[in-house]
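The values are calculated or read from the model by the stated rules, or taken from the named source; none is laboratory data. This one's a predicted model, so the numbers in the text were calculated from it and none came from an experiment. Every residue, glycine as well, gets a Cβ built from its backbone with ideal geometry; the counts of neighbours run over all protein chains shown. Areas reflect the complete protein model, heavy atoms only, side chains present, ligands, DNA and RNA absent. Shrake-Rupley method; radii C 1.70, N 1.55, O 1.52, S 1.80 Å.
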Amino acid sequence: MKRFVLGASIAAVLAAAALGSARAADNDIVIGMAIAQSGWMTTYDGPPYKAAMMAIDDFNAKGGVLGRKLRAVTADTKSDQTEGAKAGQSVIADGANFMIVSCDYDMGAGAATVANEHKMIAVSFCASDAKMGVQGIGPYAFTMSNSSLTSGASMAEWAWNKKGWRTAYLLLDTQIEYDKAICGGFKTRWLKLGGKLLGEDTFKQDDATIASQITREQQVASSKGKIDFMMVCSYGGGSVSAIRQIRAAGIDTPLGGGDSMDGDYWAKGIPHLSDHYTGTYGSIFGDDPRPRYNEFYDRVAKLNGGERLPISMAICGYSVIEAFVLAIQRAGSIDSDKVLAEFNKFKNEDLAVGPTTYTPDLHINLMRPQAIMGIKDGKGYFVDLVQLPEPPPLQLIFKK
């Protein structure tokens, strides 16, 4: 009988503990992450996800927010645009109070649209298209990214003022909106500075060859003179393939790209690649002149088993959580509309990624400094820090 009583007591204690744990979980603030956990998009979603989880642990170690713990639930978009809405619906079904979506407008729009329809705030890790906001998805959508227009314009600013280059050529991958904004930002700033655009051409991400585009570029260089700088506005495998073919054709013109070509992991497929530059958040190589960036990436590497993450976009993931915490604290609530009102008041908030500003009309950052990163003999390194004197014109995206 004593054994039975003791067993019953233990069972009662375990049941009470389970009930307490369930109640504690019910009190959590749930962040739903509708992001790529498989497929090619994990290159861009993976590092910010790890940093976001690090931020959640950091805040929970300090007691959470409003006396409540943060907890993440996830759903895999499978790097497929058609899966985004399903992933958004899935994290909402799992109790999400707020949502994080993929690091690209095209890939994150489906989930963000679902969140907006539910009047739930959705923040993209690093979609750099301003349509991830009021004028595109809707009033509940934000992105932690710098605008891709800013990235392109910063490359133009650096090429003109720091390198003294005066002629340029554009090669645009028309696959997604991101690419168009990178080239659009560069072109607008380049022409305003007085630069000459000797030619423009297009290709698509999955083109097997760009031989005809290379021939046309060579003809332009032959007839119009030396091309000082070529922007290749693309991402992932399509960009790597294009750059490989350009160098294999004997074209040694300095090349530029957007933050999709951050890091040097992708350069392994292009032997001894040099003179490639990109505008991004900061250096992952420990040589950023801003100590806080080096300290952040060193810490992330330590938590990642000593291995550095391949791209600097990880810092956006940490700052998404910082932004949610700041807005929730100021609102004193997790009510979406109250938290939304606080997001819309952000003015140069000192987040890990840099000064962050949102207004009721603009949910992306246009004026953060951009780090210019270079590749020499296949290795990445910090080159310069660029601050635009004025924001790029959003009319490039919002035609109306």
Q: Have a look at Met144, Met54, Met231 and tell me which one the Gaussian network model of the chain (Cα, springs below 10 Å) gives the largest fluctuation.
A: Met54
Q: For helix 314-331, report the angle its Cα long axis makes with the longest principal axis of the Cα atoms of the chain; keep it between 0 and 90° and round to the nearest 10°.
A: 50
Q) Using a 1.4 Å probe on the protein chains only, how many percent of the accessible area of the chain belongs to carbon and sulfur? A) 53
Q | Solvent-accessible surface (1.4 angstrom probe) belonging to Ile210, in square angstrom, nearest 10 | A | 0
Q | Under 30 Å between alpha carbons - lysine pairs in the stretch 345-400 that sit 8 or more apart or on different chains | A | 4
Q.
Can you compute the helix-only [θ] at 222 nm over the chain? Use -39500 (n - 2.57) per DSSP H run of at least 4 residues, normalise by all residues, nearest 500 deg cm²/dmol.
A. -13500 deg cm²/dmol
**Q.** Degrees separating the helix 236-248 axis from the principal Cα axis of the chain, which is the longest one
**A.** 20
Q) How far is helix 105-117 tilted, in degrees, relative to the longest principal axis of the Cα atoms in the chain, given as a value from 0 to 90 rounded to the nearest 10? A) 40
Q: Mind checking which aspartates and glutamates have their Cα closer than 16 Å to the Cα of Lys204? Skip sequence neighbours fewer than 8 apart in that chain.
A: Asp106, Asp173, Glu177, Asp179
Q. Full extension from Asn348 to Ser223: what is 0.36 nm times the residue separation minus their Cα-Cα distance, to one decimal in nm?
A. 40.3 nm
Q | At R0 = 41 Å, FRET efficiency that the Cβ-Cβ distance of Asn161 and Ser38 yields, to 0.05 | A | 0.45
Q: Take each of the peptides 149-157, 76-84, average the number of other beta-carbon atoms within 10 Å over its residues, and list them starting from the highest.
A: 149-157, 76-84
Q: Could you tell me whether the stretch 301-400 comes out rounded, prolate or oblate from its Cα gyration tensor? Rule is a ≥ b ≥ c as square roots of the eigenvalues, rounded for a/c under 1.5, then prolate if a/b exceeds b/c, otherwise oblate.
A: oblate
